[in-house]
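Here is the structure we will look at.
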2 protein chains.
Amino acid sequence: MRPTVHDIAAAAGVSLATVDRVLNQRPGVRHVTREKVETAIRELGYVRDVAAANLAKGRTYPLVFILPASDNSFMHGLNAEIRQAILRSPAERTDIRAIEVPAFDPAALVGVLEGLSREKPCGIAMVATDAPEVRAVVDRLVHAGFPIVTLVSDLTGSLRHHYAGVDNIAAGRTAARLLGRFLGPRKGKIAVLAGSMLVRDHRERLEGFTSVMAEEFPDLAILPVLEGRDDPEIAHMLVAKALGNADIVGVYSLGAGNRGLIRALKEKAVDRTLTVIAHELTAHTRAALIDNTIDAILNQNAGHEVRSAIRVLKAKADGLAVIEAQERIRLDIFLKDNLP
Amino acid sequence: MRPTVHDIAAAAGVSLATVDRVLNQRPGVRHVTREKVETAIRELGYVRDVAAANLAKGRTYPLVFILPASDNSFMHGLNAEIRQAILRSPAERTDIRAIEVPAFDPAALVGVLEGLSREKPCGIAMVATDAPEVRAVVDRLVHAGFPIVTLVSDLTGSLRHHYAGVDNIAAGRTAARLLGRFLGPRKGKIAVLAGSMLVRDHRERLEGFTSVMAEEFPDLAILPVLEGRDDPEIAHMLVAKALGNADIVGVYSLGAGNRGLIRALKEKAVDRTLTVIAHELTAHTRAALIDNTIDAILNQNAGHEVRSAIRVLKAKADGLAVIEAQERIRLDIFLKDNLP
DNA sequence: GTTTTTTTGATTTACGTACATCAAATTTGG
DNA sequence: CCAAATTTGATGTACGTAAATCAAAAAAAC
């Protein structure tokens, strides 16, 4: 049987109340006594029964998710996963609230974060907008004791406790290698469709993509990036125009708005053998993968990201360790054969 | 606040004891009364607080893992993950025992399973050996009320509750498409290295591989399968010999023993541009991927498989639902750019 | 209508921890 | 050495559920 507080009390030769004071860092314990108790804890290998503690405390974990108000499939999916998590709240003792902020608007995000420090959530998960002022509030909140994890898009250089999202540089590099290998000996130009170069994850994907392309596939030239603002209409327009260039042999779509990309490909490129790599598995990209319009899809699993963020925040709130390997968000690579 | 048993008792107009009798399926409740209680449970949306219940019961989950005594990196990794899970046991209220059985030996497996029905574990996870007699015991145990999940290798056609492993047909198909696409217009022969055609997962991978090859890459011919028995030495010998064939342009290694494969490739194929796809990320395959000896690695994450099996068994033991999407074991595809 | 059986209620203890209160013991300051 | 301050102990209640006991009520059987 695992030891209980009673065993610790007996082993340390003190009363239950004293053990409790040490465990919960309450005042009124002499230094030597505290040491005795801590020794007993270590020697018996005592670990607090979190379930029993939560029961006694009637504890719930009030968590806040902050998301950009973007109208694309991925963000809708992320939202849906958060709603699922809210449905599971009773069983998980969580109390989750989702807040939408205008996309790409550091000031708005800062405002929301500052408002949060008043209501006392025990954890914050946020899709970070990459700006110095955001970094500053995040660091302040972390110092104030709030567990914070970034979701989907990281805030490197800040003190956030954890990042629940894929390595976007690796994603871009992987896309480049897949595209390069799929094209084999063919020479030509590559069109890149992004959402916006103002977003960190898109910048990182592009960075990874161009570096592998330059290092390993010199016969493939990257055309100037098309910024589709994650909007299907704009994406369609840009891609349709770009496909006028007969030298294009491949396309890398690293953002959202793939509906427009797919439409453009079907209108303008049915007779050409283009190799296309896109991000994010949605109903549209899935169908396009199956009908060979797209050759591979890179994906991050929003459900895993949300569940991981929750696990990490709860663990941080309790001062517990997380299983690192479990919380690593993997880059999914889907060909038409391994679709879920 | 979520409703408690007290609320149910009040709402149904019965006593706490009666609610308890209904909840825990104890006898001595009239049919109509039971209905009243069940209605109240439904209307208030009561869900039993599993943490509190486990505390009261002093419940632990005795789980048994049955693994083949195979001496390869993957099984060692799986074993290590189970040991990790055992270390987490106190916090998770599990009591995990691992049993090794001779590999590919249905009779031995059946023996162990029958022994288990005497000691009463609340769940069994097993790497299944695919044989009718195994299916029969599994079905019998399931009927007797034991939750059973298969691990890594499934037992289709049996009544096992869940399979914690990858879709091996999809894995084989994916390998074929990667290989085919990487080779592009090249024609030639493909060598396939397997462990044994007696193992279901290897058979399935081969099945998926050959079907996509036949359908979509008719210029690539698959040579007779090399059975390396997951042994590095045998694998080395077989591959070294096979590489005498100058028509070989690609290799698919769908089992273990990749150490031997890699050695053979480095000795015999430095000057050739072979495309190689292998299964299972180990120290050896990882290094080979980085130095371009291998072009892609397909992997199943043993840690995820073990944790998933535990979650599913606990849920089944409690009669609770699992998050399906969370328990799907994904096929990892690693290029040198997205290694963890 | 009485007896027997079945069903229900009331109450208690327990699980491991948190938290509060009050008394007792110990240490510290003067 | 005494008073004040600090530290420790003893004890009780609570969290939501499980499980047991015994009494009371209701239903069924005679």
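The values are calculated or read from the model by the stated rules, or taken from the named source; none is laboratory data. What you are looking at is a predicted structure, and each value in this text was computed from that prediction instead of being measured. Methodologically, a virtual Cβ is constructed for each residue, glycine included, from the backbone with ideal geometry; neighbour enumeration extends over all protein chains shown. All accessible areas refer to the heavy atoms of the entire protein, side chains included, with ligands and DNA or RNA removed. Shrake-Rupley method; radii C 1.70, N 1.55, O 1.52, S 1.80 Å.
Using the heavy atoms of the protein chains alone and a 1.4 angstrom probe, what is the accessible area of chain B per residue in square angstrom?
43 Å²
Under a 10 Å cutoff between Cα atoms, tell me which one of A:D154, A:D231, A:D291 has the largest fluctuation in the Gaussian network model of chain A.
In this elastic network of chain A, the residue with the biggest mean-square fluctuation among A:D154, A:D231, A:D291 is A:D291.
Taking 0.36 nm per intervening residue step and subtracting the Cα-Cα distance, what contour gain separates A:V32 from A:I99 on full extension?
The span from A:V32 to A:I99 would gain 19.4 nm if fully extended.
Considering only DSSP beta bridges where both residues belong to the protein assembly as shown, give the percentage that are antiparallel (nearest 5).
Around 10 percent antiparallel, to the nearest 5.
Can you give the translational diffusion coefficient of region A:1-110 in µm²/s, computed by Stokes-Einstein from the Kirkwood radius over Cα pairs at 20 °C and 1.002 mPa s?
122 µm²/s
Counting only protein heavy atoms and using a 1.4 Å probe, what share of the accessible area of chain B belongs to carbon plus sulfur, as a whole percent?
In chain B, the share of accessible area belonging to carbon and sulfur is 54 percent.
To the nearest whole percent, what portion of all C-alpha pairs in region A:188-277 is separated by more than 23 angstrom?
Of the Cα pairs, 17 percent sit more than 23 Å apart.
Quote the total accessible area buried by chains A and B together, excluding ligands, DNA and RNA, probe 1.4 Å, nearest 100 Å².
3600 Å²
How big, on average over all directions, is the shadow cast by the Cα convex hull of the protein assembly as shown, in nm²?
Reported value for the Cα convex hull: 34.7 nm².
Order B:331-337, A:189-195 from most to least packed using the mean count of other Cβ atoms within 10 Å.
So the peptides B:331-337, A:189-195, ranked by packing, come out A:189-195, B:331-337.
Return the distance in nm (one decimal) between the two label points of a simple spin-label model at A:R59 and A:R186, each offset 7 Å from Cα along Cα→Cβ.
So the label points at A:R59 and A:R186 sit 5.7 nm apart.
Round to the nearest 0.05 the FRET efficiency obtained for B:D291 and B:D71 when R0 = 30 Å and r is the Cβ-Cβ distance.
Rounded to the nearest 0.05, the efficiency is 0.75.
Please work out how much length the chain gains when fully extended from A:D271 to A:L320, using 0.36 nm per residue of separation minus the C-alpha to C-alpha distance, in nm with one decimal.
11.9 nm is the gain from fully extending A:D271 to A:L320.
Taking region B:183-340 on its own, what percent of its Cα-Cα pair distances exceed 20 Å?
I get 54 percent for the Cα pairs in region B:183-340 exceeding 20 Å.
Using a/c under 1.5 as the rounded threshold, could you call region A:58-117 rounded, prolate or oblate? The axes a ≥ b ≥ c are square roots of the C-alpha gyration tensor eigenvalues, and prolate needs a/b larger than b/c, oblate otherwise.
Oblate shape, in that a/c is at least 1.5 and b/c is the bigger or equal ratio.
Which one, B:I329, B:I124, B:I41, has the greatest fluctuation when you compute a Gaussian network model over chain B with C-alpha springs under 10 angstrom?
Answer for the Gaussian network model of chain B: B:I41.
Looking at this model, which pairs from A:K336/B:K187; A:K57/B:K57; A:K189/A:K268; A:K316/B:K57 are more than 25 angstrom apart at the alpha-carbon?
Over 25 Å Cα-Cα: A:K316/B:K57.
Taking just the alpha carbons, could you work out the radius of gyration and Dmax for chain A, both in angstroms?
24.9, 84
Compute the acute angle (0 to 90°) between the alpha-carbon long axis of helix B:302-318 and the principal axis of greatest extent of the alpha-carbon atoms of chain B; round to the nearest 10°.
20 degrees
If the viscosity is 0.692 mPa s and the temperature 37 °C, what translational diffusion coefficient in µm²/s does Stokes-Einstein give for region A:5-48 when Rh comes from Kirkwood over Cα pairs?
331 µm²/s
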